[in-house]
1. Contour minus end-to-end for Val5 and Lys19, with contour as 0.36 nm per residue of separation and end-to-end as the Cα-Cα distance?
2. I need the GluC sites (Glu not before Pro) found in the stretch 44-116, filtered to DSSP loop residues with at most 13 other beta carbons within 10 Å of theirs.
3. Can you check what the net charge comes to around Glu46, using other residues whose Cβ is under 12 Å from the Cβ of Glu46 (Lys, Arg +1; Asp, Glu -1)?
4. At 0.36 nm per residue, minus the direct Cα-Cα distance, what do Glu60 and Glu44 gain on full extension? Give it in nm, one decimal, please.
5. Quick check on the chain: of the DSSP beta bridges with both residues there, what percent are antiparallel, nearest 5%?
6. What range in the chain is the longest one free of trypsin sites (Lys or Arg not before Pro) that are in a loop by DSSP and have at most 16 other Cβ atoms within 10 angstrom?
7. In debye, nearest 20, what is the charge dipole magnitude of the stretch 1-91 about its Cα centre with +1 on Lys and Arg Cβ and -1 on Asp and Glu Cβ, if you could check?
8. In the stretch 1-68, what is the volume of the convex hull around the alpha carbon atoms, normalised per residue and reported in Å³?
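The values are calculated or read from the model by the stated rules, or taken from the named source; none is laboratory data. Since we're looking at a predicted model, the values are computed, not measured. When we count neighbours, we look across all protein chains shown, and the Cβ atoms used for this are built from the backbone with ideal geometry, even at glycine. Accessible surface is based on the protein model in full, side chains and every heavy atom, while ligands, DNA and RNA are left aside. Shrake-Rupley method; radii C 1.70, N 1.55, O 1.52, S 1.80 Å.
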Amino acid sequence: QVQLVDSGGGLVQAGGSLKLSCVVSGRRLSHYGVAWFRQAPGKERELVAGITSSGMSIYEDSVKGRLTISRDNFKNTVYLQMNSLKPEDTAVYYCAAGLVSETSGEYEYDYWGQGTQVTVSS
């Protein structure tokens, strides 16, 4: 069973930085794609950043240039470095891990962390 524990959230002023961590246990991280999602109050959950098992990354347009996803397969950990934070980044952030679907060719995120709150004050 794959388990994810995400952490690193907190309260920060606009323009500040945070680094989120997601520790994966139960399986070797190297086999999985991992993504960070966020959900703000009253809004749908959205994918913020993702990184494939081979290390390729993608970002939602509003965070490009400010957020960086990375992975350390030896530590079974994925990170999200968040710089130049804005109030609109306020949300609960979740990490998720999954494998590529044989039918769709896309990652299916079957395993989720418990979420960590990020609050950016203006």
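1. 3.6 nm
2. Numbers: sites: Glu44, Glu46, Glu60, Glu88, Glu102, Glu106, Glu108; in loops: Glu44, Glu60, Glu102, Glu106.
In loop regions of the stretch 44-116 (DSSP not H, G, I, E or B), the sparsely surrounded GluC sites (Glu not before Pro) are Glu44, Glu102, Glu106.
3. Net of charged neighbours comes to -2.
4. Full extension from Glu60 to Glu44 adds 4.4 nm.
5. 90 percent
6. Numbers: sites that count: Arg27, Arg28, Lys43, Arg45, Lys64, Arg66, Lys75.
For trypsin sites (Lys or Arg not before Pro) (loop position, at most 16 other Cβ atoms within 10 Å), the longest site-free span of the chain is 76-122.
7. Numbers: 11 positive and 8 negative charges, 53 e Å.
Taking the Cα centre of the stretch 1-91 as origin, the dipole is about 260 debye.
8. About 114 Å³ per residue, rounded to a whole number.
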